[in-house]
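Here the structure is laid out as structure tokens; the discussion comes afterwards.
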Amino acid sequence: MVKDHILVWNNCLNVIRKSIDSKLFKTWFEPITPVQLAKDALTIQVPNSFFYEMLEEHYVDILKKAIKSELGSNGSLEYQIKVENHKKITHNNTVSATKTSVQGDDIKMINPFVIPGIKKVKVDAQLNPSYTFNAFVNGECNRFPLSAGLAIAKKPGGTSFNPLMIYGDVGLGKTHLSQAIGNAVVSNDSKHQVLYLTTEKFTSQVIQAIKNNSIDDFMHFYQMIDVLIIDDIQFLSNRPKTQEIFFNIFNHLHQSGKQIILTSDRSPKDLTDVDERLISRFKWGLVADLKTPDFETRLRILDKKLEKEEMTLPTEIKEYICTHIRNNIREIEGVVISLVAQSTLNRTEIDMKLAKSIIKQFVSPVDKEVSVDNIKILVAKHFNIPVDELQSKTRLRDIVVARQLSMYLAKNYTNSSLKSIGASFGGRDHSTVLHSLKMVRDLMDTDQTFKDKVNYLVKKVQSTLVNG
Ligand code: ADP
Ligand code: MG
């Protein structure tokens with residue numbers, strides 16, 4: 001029988017499946033597609049270079065084993081990286097079943113600026129030492145940006161996540177995560193010049209430098225940095241001079257293989273009044289978003305914050321807090337601090353009554369709820385289809401996706417049970433709803449456009465929550 005790439009890859013998957021945890025298998029191997037088999041070389045396509053890095057870093061041995069068992073000792077594996085983020089280059093990387101090394105193609109450009117022998121001074125990184133990876137609770141909501149951050153911390157500038165752009169709503173951990181990378185780099189190797197600053201601070205430095213006629217010194221200073229972290233770059237908006245200077249610094253650092261980490265409250269494509277050249281560079285590396293944490297993760301975050309305050313709370317109160325504070329981790333922290341303050345001030349035990357009165361200050365007085373019908377209307381409008389179609393038996397791809405997405409939003413943003421959600425989508429059962437949730441999560445993991453769409457709709461649903 002002639003072996004084809006699909007068969008070979010499926011057999012490899014069987015080998016791999018046996019060696020790793022099913023969740024990891026799902027994350028790192030299911031999104032791969034076999035492309036071709038030429039002689040003994042199997043080519044597989046991975047969604048982006050992040051995948052390639054992760055495979056190279058953690059799964060190269062399993063891959064080798066699988067390829068060897070399928071194609072013999074001459075077998076080799078080639079990666080094809082899907083064109084990502086509008087970058088018009090595809091690169092091929094080869095991992096051979098007989099060799100251990102993976103050949104990359106990152107030809108470093110010669111650095112045109114650095115003057116040999118220039119004396120280095122130690123830059124104060126301006127990091128908050130409490131923003132560490134240890135203090136950062138992991139969850140589904142931050143899996144992608146967190147694993148990229150951990151990889152960067154090990155090899156700043158040496159991964160393809162350069163720049164790393166972390167985006168997400170306020171209070172979801174952008175500042176914490178970006179600084180955690182910086183803190184980890186410093187503690188791994190104190191020789192690295194790490195610098196954290198907000199876009200506001202950067203902007204005022206630019207203005208000062210222009211005023212003092214010291215732009216050259218300013219540029220030289222930045223060219224010394226190994227890991228540059230700039231927070232809240234949405235504030236570059238409408239500041240052409242700052243953008244121009246940042247553009248030059250960015251190019252210089254990137255070309256010299258230095259790490260750039262950026263955060264923003266929105267995705268690059270939603271940045272307004274920022275030069276296209278900059279926006280396109282922001283998309284060069286990895287763009288990863290922080291999502292709102294689910295209930296379990298919120299509980300673990302609350303526990304972490306309580307631990308820090310050396311405080312304990314009854315489960316009932318913890319669950320009450322996490323049920324009511326959903327969208328902002330900073331608010332969870334705020335509740336903890338208020339609870340501590342109130343109970344010490346009034347010398348009282350923290351009870352449900354106190355917890356409720358404090359939470360009231362954080363959430364709107366009437367805890368409004370969006371209905372499943374609201375969600376259907378919103379999604380149908382967005383997909384430009386009649387609402388009825390969401391209940392129908394149609395299996396047209398677009399409608400199926402819209403239906404699954406509506407169920408996903410209904411589960412996450414209403415208190416409806418799986419059963420009642422199923423019922424309101426044309427009498428489907430709870431396992432169909434579960435399946436839909438999974439499909440949406442999987443698609444979000446692999447399809448950025450879809451993910452943006454979901455995030456957009458989530459924002460819409462949330463604004464309905466606030467505005468009634
Ligand atoms: P952002 O910059 O996105 O507005 P921050 O990084 O300032 O958010 O986070 C707000 C607060 O929430 C910080 O005190 C941070 O420590 C905390 N926080 C955010 N995400 C996590 C997490 N995953 N685990 C623990 N604490 C977190
Ligand atoms: Mg921040």
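The values are calculated or read from the model by the stated rules, or taken from the named source; none is laboratory data. All figures in this text were calculated on a predicted structure; none of them were measured in a lab. Methodologically, a virtual Cβ is constructed for each residue, glycine included, from the backbone with ideal geometry; neighbour enumeration extends over all protein chains shown. To get the accessible areas, we keep the full protein, side chains included, count just its heavy atoms, and leave off ligands, DNA and RNA. Shrake-Rupley method; radii C 1.70, N 1.55, O 1.52, S 1.80 Å.
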Worksheet entry | Peptide ranges 180-193, 337-350 listed from the most packed, as the mean C-beta count within 10 angstrom indicates | 180-193, 337-350
Fill in: Accessible-area order (highest first, 1.4 angstrom probe) of the listed residues Glu57, Glu70
Glu57, Glu70
Practice prompt. Check each of the chymotrypsin sites (Phe, Trp or Tyr not before Pro) in the stretch 230-273 and keep only those in coil by DSSP with at most 14 other C-beta atoms within 10 angstrom; list them in order.
Written response: none
Worksheet item: Can you pull the semi-axes for the stretch 295-359, root of five times each eigenvalue of the Cα gyration tensor, sorted largest first, whole Å?
Response: 18, 12, 11
Practice prompt. Counting only C-alpha contacts under 8 Å and six or more residues apart, can you give the relative contact order of the chain as a whole percent?
Written response: 11 percent
Worksheet entry | Mean residue ellipticity (222 nm) of the chain, computed from DSSP H runs ≥ 4 via -39,500 (n - 2.57), nearest 500 | -16000 deg cm²/dmol
Worksheet, complete the sentence: Placing each pseudo-label 7 Å from Cα in the direction of the beta carbon, Lys438 and Gln36 end up separated by a distance in nanometres of 3.4 nm
Fill in: GluC sites (Glu not before Pro) within the stretch 248-345, DSSP loop, no more than 11 other Cβ atoms inside 10 Å
Glu310
Practice prompt. For the chain, give the magnitude of the charge dipole about the Cα centre (Cβ charges: +1 Lys/Arg, -1 Asp/Glu; no others), in debye to the nearest 20.
Written response: 460 debye
Worksheet item: For the cross-link pairs Lys191/Lys308; Lys381/Lys459; Lys201/Lys459; Lys174/Lys201; Lys318/Lys353; Lys411/Lys451, which exceed 21 Å when the distance is taken from alpha carbon to alpha carbon?
Response: Lys191/Lys308; Lys201/Lys459
Discussion item. Could you sort the peptides 59-68, 407-416 by per-residue average Cβ neighbour count (10 Å cutoff), highest mean leading?
Written reply: 407-416, 59-68
Discussion item. With the cut-off at 1.5 for a/c, could you classify the stretch 372-467 from its C-alpha gyration tensor as rounded, prolate or oblate?
Written reply: rounded
Practice prompt. For an R0 of 25 angstrom, estimate the FRET efficiency from the Cβ-Cβ distance between Lys393 and Thr323 and round to the nearest 0.05.
Written response: 0.10
Discussion item. Please compute, over every Cα-Cα pair in the stretch 131-290, the percentage with a separation greater than 27 angstrom.
Written reply: 18 percent
Practice prompt. Would you work out which of Gly158, Ile358, Tyr196 lies farthest towards the positive end of the dipole of the chain? Charges go on Cβ: Lys and Arg +1, Asp and Glu -1.
Written response: Gly158
Worksheet item: Which percent of the accessible area of the chain is formed by carbon and sulfur heavy atoms (probe 1.4 angstrom)?
Response: 53 percent
Worksheet entry | Listed peptides 372-380, 156-164 by packing density, highest first (mean Cβ within 10 Å) | 156-164, 372-380
Worksheet entry | Eligible aspartates and glutamates near Lys64 by straight Cα distance, threshold 20 Å, same-chain separation 8 or greater | Asp4, Asp21, Glu30, Asp40, Glu53, Glu56, Glu78
Discussion item. Counting C-alpha atoms alone, how compact is the chain: give Rg to one decimal and Dmax as a whole number, in angstrom.
Written reply: 24.8, 80
Discussion item. Rg/Rh for the stretch 277-432 to two decimals, with Rh computed the Kirkwood way over all alpha-carbon pairs.
Written reply: 1.10
Worksheet, complete the sentence: Applied in sequence order to the stretch 29-35, the curve 6.51 cos²θ - 1.76 cosθ + 1.60 (Karplus, θ = phi - 60°) yields integer Hz couplings, x standing for Gly and Pro, of 10, 4, x, 7, 10, x, 10
Worksheet item: How many angstrom separate the Cα center of the stretch 128-142 from the Cα center of the stretch 160-189?
Response: 9 Å
